[in-house]
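Novice: Here it is, the structure in full.
The values are calculated or read from the model by the stated rules, or taken from the named source; none is laboratory data. Everything quoted here is computed from the prediction, not taken from an experiment. Glycine gets a Cβ as well: all are built from the backbone with ideal geometry, and neighbour counts include every protein chain shown.
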Amino acid sequence: MGTDDSTIWNGGQALVQIIYGEPASKANQRRVVKIGGMARLIKSQKALNYSDVFKAQAKPISPLIETDVRVTMHIFYASRRPDLDESLILDLLQGVFYVNDRQVKEKHIYWGLDKENPRAEIIVDVLPIPEKKARKRRAAKEEI
């Protein structure tokens, strides 16, 4: 994947998207604030900012994938400091590529360094339906 504009290819095999900007770590995305005298957890400013950046660049598909998926990500950070953490991105992909991040059954996540161009290169592809489930689906369709 290059550093050109993000594109989505949906030829039945994989969806590809590049989101520019440095992702926030989900482990560090919450902060404690007092609201009405009660302590509450809210997203950190970095996580909120990244969510906005992600949503501005994301190109949702329609219809969303409803079956199990494999996600491959190459996350490029601007410094060596951040831990590799894809969980915020998986959450943000809900409603963009798939319905719920519980559909992610296989992950391949890679850490990279690019001081000039931090980004997340994301590939989502549908996992094959096990033959037993596929037979049940075909039988149900034939009954209709």
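Novice: Name every residue in the stretch 87-101 that is in contact (Cβ under 8 Å) with a residue 40 or more places away in the chain and touching a strand residue (DSSP E or B) at 6+ places or on another chain (Cβ under 6 Å), in order of residue number.
Specialist: Correct list: Ile89, Phe97.
Novice: Mind telling me which of the residues Val69, Val33 ends up being at pLDDT 95 or above and more than 20 Å from Arg119 (Cβ to Cβ)? Reasoning before the result, please.
Specialist: Working: Val33 fails: at pLDDT 95 or above.
Matching residue, one of Val69, Val33: Val69.
Novice: Here is a follow-up. Name the residue, out of Ala56, Ala39, Ala47, that is aliphatic (A, V, I, L, M), at pLDDT below 95 and either touching a Leu at 6+ places or on another chain (Cβ under 7 Å) or not in a strand (DSSP E or B) (or both).
Specialist: One residue alone meets the criteria, Ala47.
Novice: What are the residues in the stretch 73-98 that are surrounded by fewer than 17 Cβ atoms within 10 Å (Cβ to Cβ) and within 12 Å of Val124 (Cβ to Cβ), if any?
Specialist: Passing the criteria: only Gln94.
Novice: So, in the stretch 74-109, exactly how many residues are of a type outside the set (Ser, Thr, Tyr), assigned to a strand (DSSP E or B) and more than 13 Å from Glu22 (Cα to Cα)?
Specialist: The first filter runs over the stretch 74-109 and keeps only residues of a type outside the set (Ser, Thr, Tyr), leaving 74-76, 78, 80-86, 88-97, 99-109.
Now narrow it down to the ones that are assigned to a strand (DSSP E or B): 74-76, 94, 104-109.
Next cut, more than 13 Å from Glu22 (Cα to Cα) only: 94, 104-109.
Summing the residues that are of a type outside the set (Ser, Thr, Tyr), assigned to a strand (DSSP E or B) and more than 13 Å from Glu22 (Cα to Cα) in the stretch 74-109 gives 7.
Novice: Of all residues being exposed (fewer than 13 other Cβ atoms within 10 Å of the Cβ) and either of a type in the set (Gly, Ala, Ser) or more than 14 Å from the chain's Cα centre (by Cα) (or both) in the stretch 53-72, which is farthest from Ile129 (Cα to Cα)? Just the residue, please.
Specialist: Checking each candidate, the answer is Ala56.
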